[in-house]
Amino acid sequence: MGAPEGPVHEALAALELVDHHCHGVAAGDLDGPGFESLLTEGDRWPGLSPFDTPAGVAVRRHCAPVLDLPRHAPPEDYVARRAELGAREVTRRFLSAARTGVFCVDTGYAPLPLTPPAALARAGGGTAHEVVRLEGVGEAVAARGVDAGAYADAFRAAALEAVRRPGVVGVKSVAAYRTGFDLDPARPSDAEVTRAARTWLARGGRLDDPVLVRHLLWTAVDLGLPLQLHTGFGDADLRLHRADPSLLTDWLHATGGAVPVLLLHCWPYQRRAAYLAAVFEHVYLDVGLTLHHVGPARARAVLEEALEITPFRKLLYSSDAYGVAEFYHLGALAFRRGLGDLLQDRVDADELHLSDALRLARWAGADNARRVYRLPSGH
């Protein structure tokens, strides 16, 4: 099957994307097990290869040619070619192929050494900005040592200092992992925060106290920057039913639209996220992580459900690439092909004018993110 054709596909192919949520890639070379471990959000099971997943199959089909391998190259050939080229060249090839002009990088998750935002920008020939993960800010405050009664003010001050760094354009929370979204939507009092902080600081560990997570979310509102929230699909650390974005409804009412709220990934709740985007002026969504896991073959289906009722100014592109540069290329390819297919078919069926389709493609791929994060205009 050849490349999709049509004016919408051509416009998306030429468009430099704004990737509003992504991560660094492994800074060093990966061996076979190390590479395979980054192909999946799940645990490794003896005798089962992550190459035998939709994402693994998509890598062999769509990423192998970027490394000068035939389509569907065997896994062992793929890993060997990666090692032969080296991490820097592999990253350069895939980020160049992605044609991404702007990277908004979540720097708060780094269990292995990752490329910093500036290195991603150089490899991709674009520009990079930072998104501050607020749970990391709270844990750093605790690690430095703080009295429970001073925690609320210390966290606010540290968060404000973090977002004032050059290049920061937004903040993020992984409350979906830590507590889920079935939280009391009200802003906690300082006395409640002090009591919760006393317990958490005494036991240590991740910031996962429900009161402190609520305090974090409300502090994010006070900061005034766009707030990214992981929702839906992720690794085994979360409880999927508690990562349903519709559980945020009362909190979204309570915030009163003070800051843009960006729902990340969303699968399998993309329709519920679409509802929130349709009824709350300040809610936006992407289906980022989902796209490289379903691959180009199913990207259209996911995007079509996300766009059933979502206002067209509310859909953003993200790859949520992490660890392996392949996911930058796969995410961009899946987004361009999926969105191009569904918009082109609507044009062909006279359900959408071509000029509107081209405008909507440009909005979703770049302009919506530029507007929400107040990024400079593209070329």
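The values are calculated or read from the model by the stated rules, or taken from the named source; none is laboratory data. Everything numeric here is computed off the predicted structure, so don't read it as measured data. Cβ coordinates were reconstructed from backbone atoms using ideal geometry, including for glycine residues, and neighbour counts include every protein chain displayed.
General remarks:
- The set of residues in the stretch 310-323 being part of a loop (DSSP other than H, G, I, E, B) and either surrounded by fewer than 24 Cβ atoms within 10 Å (Cβ to Cβ) or among the β-branched types (Val, Ile, Thr) (or both) consists of Thr310, Pro311, Phe312, Arg313, Tyr322.
- 2 or more residues free of Cβ contacts under 8 Å to residues at least 12 places away in the same chain and within 27 Å of Asp237 (Cα to Cα): qualifying helices (runs of 4 or more DSSP H) within the stretch 102-177: 134-144
- Hits in the stretch 191-232 - residues which are surrounded by 23 or more Cβ atoms within 10 Å (Cβ to Cβ) and either at pLDDT below 95 or small (Gly, Ala, Ser) (or both): Ala197, Ala220, Gly232
- Pairs, first without any contact (Cβ under 8 Å) to a residue 12 or more places away in the chain in the stretch 186-210, second not in a loop (DSSP other than H, G, I, E, B) and not hydroxyl-bearing (Ser, Thr, Tyr), C-beta under 9 Å, six or more apart: Thr199/Ala148; Ala202/Ala148; Gly205/Glu139
- For the stretch 324-357, residues that are more than 24 Å from the chain's Cα centre (by Cα) and either in a helix (DSSP H, G or I) or under 13 Å from His293 (Cα atoms) (or both) total 9.
- No other residue among Leu69, Leu95 is farther than 19 Å from His293 by Cα, among the hydrophobic types (A, V, I, L, M, F, W, C) and touching a helix residue (DSSP H, G or I) at 6+ places or on another chain (Cβ under 7 Å) apart from Leu69.
- Residue match in the stretch 250-272 (condition: touching a residue at least 60 places away in the same chain (Cβ under 8 Å), more than 17 Å from Cys22 (Cβ to Cβ), of a type in the set (Lys, Arg) and out of contact with any strand residue (DSSP E or B) (no Cβ under 7 Å at 6 or more places or on another chain)): no
- Residue within the stretch 42-60 that is under 18 Å from Leu289 (Cβ atoms), of a type in the set (D, E, K, R) and in contact (Cβ under 8 Å) with a residue 40 or more places away in the chain present: yes
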